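Colleague: Input: one structure, supplied below.
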Amino acid sequence: MTSAALRIGSRGSKLALRQAEMLRERLVAAHPDLAKPGAIESVVIRTTGDKVTDRPLAEIGGKGLFIKELEEALSDKRIDLAVHSLKDVPAFLPPGFALAAHLPREDARDALIARGGAASLAALPHGASVGTSSPRRQAQLLNLRPDLAIVPLRGNVDTRLAKIAEGAADATILALAGLKRIGRESEASAILSAAEMLPAATQGIIAIEIRDDDARLRSLLAPINHQPTALCASAERALLETLNGDCRTPVGALATLEGNRIALDAMLLSPDGKICYRLARSTTTSRARELGRETGAALIEKAGAGFAGIGAGPR
């Protein structure tokens with residue numbers, strides 16, 4: 001390391017700052033010299049996704065709006081690396097950027113937060129309103145409970161919890177990982193199994209983005225990269241690439257490891273939840289990325305022409 005501070009860029013929410021601190025802790029553990037005062041600097045970048053919270057992401061440009069300004073800061077060398085919730089990162093990175101490390105995955109499941117304390121989705125009253133702006137959650141909710149009323153709800157974790165408490169909706173669905181990282185998991189009415197509510201691809205994973213040509217940072221980050229998480233991320237992101245999955249596409253995916261094998265559970269739905277295709281496949285960990293591609297291709301074959309736009313992304 002040189003005497004210059006290592007500049008970590010992140011969004012400014014409580015969750016984003018906690019994730020940046022988790023990265024700092026791991027870097028210091030791997031490189032004790034970084035514990036010196038001034039060795040690491042946090043730089044807060046306010047993204048378009050944070051600024052515009054009154055419209056669905058699909059209407060304002062997609063989930064890449066949570067990282068656009070961070071990538072601009074990387075490109076301009078105002079920061080050295082960026083910390084992301086990996087599910088906010090589009091399937092295709094712009095040229096010149098790379099994901100150099102993944103921290104150990106937190107619990108990938110979704111959590112139900114219900115004002116009445118409902119202990120399951122089935123326990124929600126008939127016609128209950130559920131606040132979410134996630135096409136995946138909306139589609140799965142309507143697939144399970146067509147009677148539910150879906151109302152738009154965006155904002156960071158604290159904001160969405162506050163909106164539910166204020167009565168904006170009867171319930172909402174949030175990532176358990178985010179609740180745990182900010183110490184609010186006790187507010188969950190129920191933890192939803194992956195069989196009931198398949199998580200977003202790469203949910204619960206923190207990823208570190210750098211400039212692709214930064215060999216020094218690649219070396220610095222190598223000791224903290226959690227390989228089991230990286231393997232699961234590779235399979236899930238390959239699925240998204242194959243499906244051309246973005247914030248408009250209701251896609252769920254969860255990869256799991258057992259010994260030298262990796263399994264992938266994947267789901268593709270219509271926005272109204274009336275059509276659902278789900279596949280589970282497995283292979284050796286050496287073929288993690290191929291597993292994602294093959295599962296995506298099989299979903300496209302099953303869905304056929306009824307799902308316009310899938311499978312149309314760059315390769």
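The values are calculated or read from the model by the stated rules, or taken from the named source; none is laboratory data. Being a predicted model, the structure only gives us computed values, none of them experimental. Because the Cβ atoms are built from the backbone with ideal geometry, glycine has one as well, and the counts that use them run over all protein chains shown.
Colleague: Any chance region 244-265 includes a residue that's closer than 25 Å to Ala73 by Cβ and β-branched (Val, Ile, Thr)? If you could, list the steps in order and put the result at the bottom.
Modeller: Pass one, region 244-265, residues closer than 25 Å to Ala73 by Cβ: 246-247.
Checking the rest, the ones that are also β-branched (Val, Ile, Thr) come to none.
Within region 244-265 (the criterion being closer than 25 Å to Ala73 by Cβ and β-branched (Val, Ile, Thr)), the answer is no, since none of the residues qualifies.
The rows are residues; the columns are (1) at pLDDT below 95; (2) exposed (fewer than 15 other Cβ atoms within 10 Å of the Cβ).
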{"residue": "Leu23", "(1), (2)": "no, no"}
{"residue": "Ala39", "(1), (2)": "no, no"}
{"residue": "Glu59", "(1), (2)": "yes, yes"}
{"residue": "Gly64", "(1), (2)": "yes, no"}
{"residue": "Ile67", "(1), (2)": "yes, no"}
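Colleague: For Ser282, state whether it is among the polar types (S, T, N, Q), free of Cβ contacts under 8 Å to residues at least 24 places away in the same chain and not assigned by TED's automatic domain parsing to the domain that holds Ser85. Steps first, answer last, please.
Modeller: Working: among the polar types (S, T, N, Q): yes; free of Cβ contacts under 8 Å to residues at least 24 places away in the same chain: yes; not assigned by TED's automatic domain parsing to the domain that holds Ser85: yes.
For Ser282, the condition - among the polar types (S, T, N, Q), free of Cβ contacts under 8 Å to residues at least 24 places away in the same chain and not assigned by TED's automatic domain parsing to the domain that holds Ser85 - is met.
Colleague: Given Asp158, Asp147, Asp170, Asp107, which one is of a type in the set (Asp, Glu) and touching a strand residue (DSSP E or B) at 6+ places or on another chain (Cβ under 6 Å)? Step through it out loud before you land on a result.
Modeller: Details: Asp158 fails: touching a strand residue (DSSP E or B) at 6+ places or on another chain (Cβ under 6 Å); Asp147 fails: touching a strand residue (DSSP E or B) at 6+ places or on another chain (Cβ under 6 Å); Asp107 fails: touching a strand residue (DSSP E or B) at 6+ places or on another chain (Cβ under 6 Å).
So the residue among Asp158, Asp147, Asp170, Asp107 that is of a type in the set (Asp, Glu) and touching a strand residue (DSSP E or B) at 6+ places or on another chain (Cβ under 6 Å) is Asp170.
Colleague: Can you go through Asn260, Asn225, Asn244 and tell me which one is modelled with pLDDT under 95 and of a type outside the set (D, E, K, R)?
Modeller: Values: Asn260 fails: modelled with pLDDT under 95; Asn225 fails: modelled with pLDDT under 95.
Result of the check over Asn260, Asn225, Asn244: Asn244.
Colleague: I've got another one for you. Among the candidates Ala188, Ala215, which residue alone is surrounded by fewer than 21 Cβ atoms within 10 Å (Cβ to Cβ), without any contact (Cβ under 8 Å) to a residue 60 or more places away in the chain, hydrophobic (A, V, I, L, M, F, W, C) and not assigned by TED's automatic domain parsing to the domain that holds Arg289?
Modeller: The conditions single out Ala215.
Colleague: Still on this structure, I have one more. Residue check: is Ala175 closer than 17 Å to Leu99 by Cβ and surrounded by 23 or more Cβ atoms within 10 Å (Cβ to Cβ)?
Modeller: no
Colleague: Which of the residues spanning region 154-193 are part of a loop (DSSP other than H, G, I, E, B), more than 21 Å from the chain's Cα centre (by Cα) and among the small types (Gly, Ala, Ser)?
Modeller: Gly167, Ala168, Ala169, Ser189
Colleague: Yes or no: Leu257 over 19 Å from Pro135 (Cα atoms) and touching a Pro at 6+ places or on another chain (Cβ under 7 Å)?
Modeller: Values: over 19 Å from Pro135 (Cα atoms): yes; touching a Pro at 6+ places or on another chain (Cβ under 7 Å): yes.
It is true that Leu257 is over 19 Å from Pro135 (Cα atoms) and touching a Pro at 6+ places or on another chain (Cβ under 7 Å).
Colleague: Exactly one of these conditions fails for Leu257: (1) in contact with a Gly (Cβ under 9 Å, 6 or more places away or on another chain); (2) surrounded by fewer than 19 Cβ atoms within 10 Å (Cβ to Cβ). Give me its number.
Modeller: With respect to (1) in contact with a Gly (Cβ under 9 Å, 6 or more places away or on another chain); (2) surrounded by fewer than 19 Cβ atoms within 10 Å (Cβ to Cβ), Leu257 is out only on (1).
Colleague: Which residue is surrounded by the most Cβ atoms within 10 Å (Cβ to Cβ), if the candidates are limited to region 1-14 and must be at pLDDT below 95 and aliphatic (A, V, I, L, M)?
Modeller: Ala5
Colleague: Give me a count of the residues in region 118-140 that are surrounded by fewer than 19 Cβ atoms within 10 Å (Cβ to Cβ) and among the hydrophobic types (A, V, I, L, M, F, W, C).
Modeller: Counting residues in region 118-140 that are surrounded by fewer than 19 Cβ atoms within 10 Å (Cβ to Cβ) and among the hydrophobic types (A, V, I, L, M, F, W, C) gives 4.
Colleague: Right, another one. Name every residue in region 146-175 that is within 19 Å of Pro271 (Cβ to Cβ) and either in contact with a Gly (Cβ under 6 Å, 6 or more places away or on another chain) or not charged (D, E, K, R) (or both), in order of residue number.
Modeller: The initial filter retains those residues of region 146-175 that are within 19 Å of Pro271 (Cβ to Cβ), namely 146-154, 169, 172-173.
Scanning region 146-175 gives Pro146, Asp147, Leu148, Ala149, Ile150, Val151, Pro152, Leu153, Ala169, Thr172, Ile173.
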